[in-house]
Amino acid sequence: MSEGGEGFDPPRAAPAPRSGLTHFDAEGKAVMVDVSAKPATERLAVARGRVRMAPETLAAIRAGGLGKGDVLGVARIAGIMAAKRTADLIPLCHPLALTSVKLELTPEVPDAVAIEARVKTTGPTGVEMEALTAVTVAALTVYDMCKAIDRGMHITDVHLARKEGGKSGLWEAP
């Protein structure tokens, strides 16, 4: 409130434009990027992550001894479903018609599950967020299904590994 108690704050200067950040307008307000003028191209994003756990937890996953079913199979489906719902989770993401979502969950003896998502579309914007969301939700599902025996698991190394398509072309993580 202002000092006189009138019930309103005086107008503030607009924040400076955020050069290079596409989700802000010239006044600094968050906006959904207008992609209507961009050409539709084939797009691919690859994201990776890992769930670290006790060796006994990984052994139980591999043996199917958790009583909740196929942990890696359920996590794969959860990741695919999450990729399809990314725009519902990330406020400024465009809803996209995905043409392919593939998830691989690979046990890494002695103590981890590696996760890789490959997401494709043909459209005016990329699928990086969908790939990252797929990996993250797959990892959370592994955690959820195994937490009864290992609450100390760590979800780590979630990152974009590769993107293809669009104006910027190919990008690979160092």
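Scanning segment 85-110 for residues that are farther than 23 Å from Thr41 by Cα, within 14 Å of the chain's Cα centre (by Cα) and surrounded by 12 or more Cβ atoms within 10 Å (Cβ to Cβ) turns up just one, Leu89.
With the structure loaded, tell me whether Lys120 is free of Cβ contacts under 8 Å to residues at least 40 places away in the same chain, basic (Lys, Arg) and outside any loop (DSSP other than H, G, I, E, B) or whether it fails that test. No; evaluated as a whole, the condition is false for this residue.
Residues that are over 12 Å from Met145 (Cα atoms), out of contact with any Pro (no Cβ under 7 Å at 6 or more places or on another chain) and surrounded by fewer than 16 Cβ atoms within 10 Å (Cβ to Cβ) within segment 55-84 comprise Glu56, Ala59, Ala63, Ile77, Met81, listed in sequence order. The sole residue among Leu96, Leu105, Leu58, Leu66 that is part of a loop (DSSP other than H, G, I, E, B), hydrophobic (A, V, I, L, M, F, W, C), farther than 19 Å from Glu172 by Cβ and in contact with a strand residue (DSSP E or B) (Cβ under 8 Å, 6 or more places away or on another chain) is Leu96. Taken together, Leu160, Leu170 contain a single residue that is surrounded by 17 or more Cβ atoms within 10 Å (Cβ to Cβ), more than 13 Å from Ala75 (Cβ to Cβ) and either within 15 Å of the chain's Cα centre (by Cα) or modelled with pLDDT of 95 or more (or both), which is Leu160. Among residues of segment 27-54 being surrounded by 12 or more Cβ atoms within 10 Å (Cβ to Cβ) and of a type in the set (D, E, K, R), the one that is farthest from Gly79 (Cα to Cα) is Lys38. Scanning segment 137-154 for residues that are surrounded by fewer than 21 Cβ atoms within 10 Å (Cβ to Cβ), touching a residue at least 12 places away in the same chain (Cβ under 8 Å) and either in a strand (DSSP E or B) or not aliphatic (A, V, I, L, M) (or both) yields Tyr143, Asp150, Gly152, His154.
The values are calculated or read from the model by the stated rules, or taken from the named source; none is laboratory data. Keep in mind the model is a prediction, meaning the values are calculated, not measured. No Cβ is skipped: glycine too gets one built from the backbone with ideal geometry, and neighbour counts run over all protein chains shown.
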